[in-house]
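The values are calculated or read from the model by the stated rules, or taken from the named source; none is laboratory data. Not measured: the values here are computed from a predicted model. All Cβ positions, glycine included, derive from the backbone under ideal geometry; neighbour counts span all protein chains shown. Surface areas here come from the heavy atoms of the whole protein model, side chains and all, with no ligands, DNA or RNA. Shrake-Rupley method; radii C 1.70, N 1.55, O 1.52, S 1.80 Å.
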Amino acid sequence: MSQRFLYTLIFTLAFALVCVNPAQADGIVIPVEPPPCDPHRPICPIIPVRPMAQLEIKYHRVSVEINQQVATTRVDQVFYNPNDWAIEGTYIFPLPLDAAVSEFNLWVDGKPVVGEVLDAEKARQTYRQIVNSLRDPALLEYAGRGALRASIFPIPPKGERRIELEYSQVLTVEEGLLRYTYPLNTEKFSSKPLESVAVSVTVQSAEPVRAVYSPTHPIDVIREGQNAFEASYEASDVLPDKDFSLYYSIGESEAFHLLSYRDPGDADEDGFFLLLLAPKPVIDDTPVAKDVLLVLDRSGSMEGEKFSQAQAALKYILEHLNPGDRFYLSAFSSGIQTYADDLSPAEDADQALEWVERLSAQGSTDINRALLEAAAVADGERLTFLIFLTDGLPTEGVLDSQDILDNFARSAADNLRLFTFGVGYDVDTLLLDSLAQEHHGLSTYVRPGEPLDEILSGFYARISTPVLTNLELDFGEISVYDLYPSPLPDLFAGSQIVVVGRYRGGGVADITLSGLVNDRRQRFSFENSRFVEDSGGSLDALSGLPRLWATRKVGYLLNQIRLNGPDKETIDQIVRLSIRYGIVTPYTSYLVSEPMPLGVESQRQLGQDAYEQALAAPTVVFGAGAVNKAAEQGALERADQAPSLPASGEQQVRAAGSRTFVLQDGIWTDTAFDPQAMTPLKVAFLSDDYFTLAGIRPDLAAALALGEQVILVVDGKAYQVVSADESVPPLQLPTQPAASTPPTPPPELTDRPADPVEPAATAEPPVEDKATLPGFCPGSYLPLVGLLAWIILRKRI
C-alpha cells in the first residue's frame, strides 16, 4: 500500500466522519466530498478537519412570465463558498405545491447540466434519506413536494457559482381565480441574509384582470390595460421564511372569491376565511356621482414645503374630478377662506386652480369651525368625501377634542365619509382617528420628510371612482364573526377589498353582496361558495390566513383601546392573540428578548399586569410617539399580509403552517402548549414514530423541520421530540402509507458528466448508499482517526 494512498484514505475517512449540515438556499446544495489531493505532490498531507460552513447567497432573482395560463419561471442566483476548499454535490430544488412541471433547464455558469424531475414520492424519499444521514430535519418541510435534482460542478474555495433555472407549468383556474407560487421559503436556510431578493411576475391574460393580491408578500402592481399587469416584490438583507404566492382573478363580471382554511390540529377551532372583492371596470356606465369637500389647514405652521405640497395635491384632485362630480374648497386658520359658498361643478375646476395657487399660510388653527362649515354645504342625497388636512392641534375656537367630535357628529350627514391627513408630529391623533372612524373614513399620517403631495394624490386616485357604497354581506346558513375591516369600506374602480373573518362549521353557502349605486340598492349573488371543513394541514398560502386575521383583529383592538381607554377583557384578547400568532404588541413587546409566557394562567397574569400598567400610564395624543403608534396600529388593522415574525434578540419565533413556535431553552415550542395542563408524549428524534408523525400532515412535518427538539400540539395532545439516544416507548400514532415506505438510497452526489451535455429528464444518475445510522455522529471519532494517522505516519518514518 503506497504512502500517498494511505494518507488519502485517512483524510477521506476523516472528512466523511464529520457531521455536516447541508448548505441550503432557493435550491439546496448537499456538499459531500473533501478537496482532492494535489496529484503533482508526492505526499498528500493530513489536513485538519473542520465543520463545513453553509453556502451563502449573494442574490436571488426570479422572473416569471404568465401568458394565458402557462407560467415560465426563471431563477438566477449566485452561491458563494466561504470554505477553504472546493465543494460539489447535488442541487435540489423543491417544486411548488401542486406544480406539474412540463419542462426545465438548468445551467451552472452558463453551461447546461444534466438533471431530472422527481415525483413527490421519490423526492420525499430523497428528503428523508438526507435527514437521516445528516441528522438535519430541515428538509422535512418539503415532504410531499416534487423536486428538480442535478449534480453541480465544484464551487472553488472563496469562489462563486451562478445557477440559473428555468421551468414551465400550467396554472389551473378555479372559478376565475389563478394562483402562482414560488418556493422562496427555502432561502431561510442560507447561512447569511441575502443581499438582494427580487420576484417579478408579468401577466398577459385573454380576459380582463380584476383583483391582484399576495397574502404572503407586499407587492407593487402596475396595470397595463385591462388584460395585463406586473407585480413585483423586492427586499434586501433578508432571510425569506415563506413561499411567494400571487392570486389574480379574470373575467368580465365583479370578482368575488372565497378562500377558507380550517386547522385540522384542533377539532374545536373555528375556520378562517378571506374574501377578495374587486369590481369590473367602469366603461359604458356612468360612474357614481360624488361630492368632494377639500379642507386645508393654512395656519402659519404649514408654511414652506408642506404647504407647497398640499397645494400640488389639491390641484391634482381638482384636475381628476369625474364628469358629474362637484367640489367645495376651503382653507382655514384663524378664519375660513372658501373658493365658493356652495358646491361647484367639476367644470369650474380650472378657475379653482388659480384660487389654490394664491393661497398662503398664516394664522392659528380653528379645526372645529372648518369642519362645521364643510358639513353645512354637504348634500345629504349624494355620496360625499370630506378630505381634511392639518398639521397642528386646535388653537382657536373650540379646543376640546370631544366637543369637536360631538359638534361634527350632530352636523354631518350619514352619507359623508371623512378622510383625515395628519402632517408632522404636532397633530391630535385621538381627534383625527376618531373623526375618521366615526364617519366611515380613514386616517393617514404623513411624517416629516415624507412626500405629502404623492401620498394625498395617490389616495385620491384610489377613491376617485366609487362603484359600490354602503356594502353589506349575507353569508346565508354559514355563521361568521369577527370580520375585518369593520365596517366594510366602499368599493372603488381599479381597487379591491380584502375581507378576513372566522366561521363556524363549514359547508356550501350562497353569499350575497349588496350596496348602493347612485342611491339605488343592488345585490349580487355568489352561489355554492365553499367553507372547507378540514384543510388537511396544508402548507400553501392559505395556512397563513389565521395570522392575517389575528393581525387585523389585534390592530382593531389596539385602536379601540387607544381611542376609548384600556379595558381588561380587550387587553386579555390582545395578549392571547399576540402569543398564539407571534404578533408583537405594546403589551408583549418584550417577547423578542424574554421567555414567552405559555399557558392560560401565565397569559392571564400577563394581561392583568398589562391592564394595570395601562391604567397608570398617561394619555399622550400628539408628538412623535403618538403619531408613530397611530400609524403602526392603523397599518395592522388594514394589513394585507401578516407582519414578519420576530427573529432577533434572544427570542426567536417561527411559523409552521398555521402554528407559531418559539425557541425556549433550545426547544421549538408550540405557543398552543400549556405546560401547566399538558404532559407531552415523547418521540425519539429520527425514530419510526418520528417519521410517522411527520407523515401524518404537511404542517406537522414543517413543525418537525424546525430543529431536533420540538414540542407541538396535535388534537389537544402535546408531543415532544427528544434525543435519539433517549429510550422512549413506541406510540400509537395514526399511520400513513407514504410515511412507512422504505427510503430509496440517496443519489450519487459527486457524479457529473465530464463534458456538459444538454439537460435530460429521463436518465437517473447512479446511486450509492452513503447513509449513517440514525443517532450516530461519526465526527465524535475524529480523535481516534487522528491517532491512527499519527501511528501510521510514525511507522512510515
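A few comments on the model shown:
- Sequentially through the stretch 382-395, phi angles give Karplus couplings (6.51, -1.76, 1.60; θ = phi - 60°) of 10, 4, 10, 10, 9, 9, 10, 10, 8, 10, x, 8, x, 10 Hz, Gly and Pro residues having no value and appearing as x.
- Taken as Cα centroids, the stretch 544-602 and the stretch 340-392 sit 40 Å apart, rounded to the nearest whole angstrom.
- Scalar couplings 3J(HN,Hα) for the stretch 629-643, obtained by applying the Karplus form with A = 6.51, B = -1.76, C = 1.60 to θ = phi - 60°, are 5, 4, 5, 5, 6, x, 5, 4, 5, 10, 5, 9, 9, 5, x Hz; x denotes Gly and Pro.
- Were the residues from D665 through T679 laid out at 0.36 nm apart, the gain over their Cα-Cα distance would be 3.3 nm.
- Among 165-177, 518-530, 428-440, the order from most to least packed when residues are scored by Cβ within 10 Å on average: 428-440, 165-177, 518-530
- Under the shape rule built on the C-alpha gyration tensor, where the axes satisfy a ≥ b ≥ c, the stretch 351-398 is oblate, since a/c reaches at least 1.5 while a/b does not exceed b/c.
- Overall dimensions of the stretch 175-247 by Cα: Rg and Dmax, Å: 13.7, 43
- Filter on K111/K158; K280/K553; K242/K553; K553/K629; K192/K682 - keep pairs with C-alpha separation over 24 Å: K280/K553; K192/K682
- Solvent-accessible area assigned to carbon and sulfur over the stretch 130-253 amounts to 46 percent, based on a 1.4 Å probe.
- Across the protein chains, with a 1.4 Å probe defining accessible surface, the residues I455, I155 rank I455, I155 from largest area downward.
- Sorted peptide list for 616-624, 466-474, 365-373, criterion being average Cβ within 10 angstrom, highest first: 365-373, 466-474, 616-624
- Gyration tensor (alpha-carbon) shape descriptor, the stretch 91-216, a/c threshold 1.5: prolate
- Taken as Cα centroids, the stretch 186-248 and the stretch 104-171 sit 23 Å apart, rounded to the nearest whole angstrom.
- R0 of 56 Å, Cβ-Cβ distance E175-S334: FRET efficiency to nearest 0.05: 0.45
- Straight-distance crosslink candidates among aspartates and glutamates, where the alpha carbon sits under 17 Å from K568 and sequence neighbours closer than 8 are dropped: E601, D609, E612
- Charge tally in the Cβ shell below 11 Å around L681, where Lys, Arg are +1 and Asp, Glu are -1, L681 excluded: +1
- Taking 0.36 nm per residue of separation and subtracting the current Cα-Cα distance, fully stretching the chain between Q362 and A289 would add 22.8 nm.
- In this structure, the amide hydrogen of L148, modeled 1.01 Å from its nitrogen in the peptide plane, lies closer than 5 angstrom to those of F93, L95, L118, counting only residues at least 5 positions away or on a different chain.
- Under 10 Å, Cβ to Cβ, from N528 - net charge with Lys/Arg +1 and Asp/Glu -1: -2
- Derived scalar couplings between HN and Hα for the stretch 126-141 equal 5, 4, 5, 4, 5, 4, 5, 6, 9, 6, 10, x, 4, 6, 4, 4 Hz in order, rounded to whole Hz, by the Karplus curve 6.51 cos²θ - 1.76 cosθ + 1.60 (θ = phi - 60°), x for Gly and Pro.
- The stretch 148-283 - accessible surface per residue (Å², probe 1.4 Å): 37
- Sequence-distant residues sharing a close amide H with I87 (under 5 Å, placed H): I155
- Built amide H within the under 5 Å cut-off of K682, gap 5+: Q720
- A straight chain from L615 to E160 at 0.36 nm per residue would run longer than the Cα-Cα distance by 158.0 nm.
- Ordered from highest to lowest accessible area with the whole protein assembly present and a 1.4 Å probe, L615, L545 read as L615, L545.
- Using only Cα coordinates, the Kirkwood hydrodynamic radius of the stretch 367-505 works out to 16.7 Å.
- Local electrostatic count, N415, Cβ distance below 11 Å [Lys/Arg +1, Asp/Glu -1]: -3
- Label-point separation in nm, D725 to R638, each point 7 Å along Cα→Cβ: 5.6
- The stretch 514-591 - charge dipole about Cα centre, Lys and Arg +1 at Cβ, Asp and Glu -1, debye rounded to 20: 260
- Ligands, DNA and RNA aside, W107 has an accessible area near 70 Å² when probed at 1.4 Å.
- Prolate/oblate/rounded call for the stretch 595-665, Cα gyration tensor, a/c under 1.5 rounded: oblate
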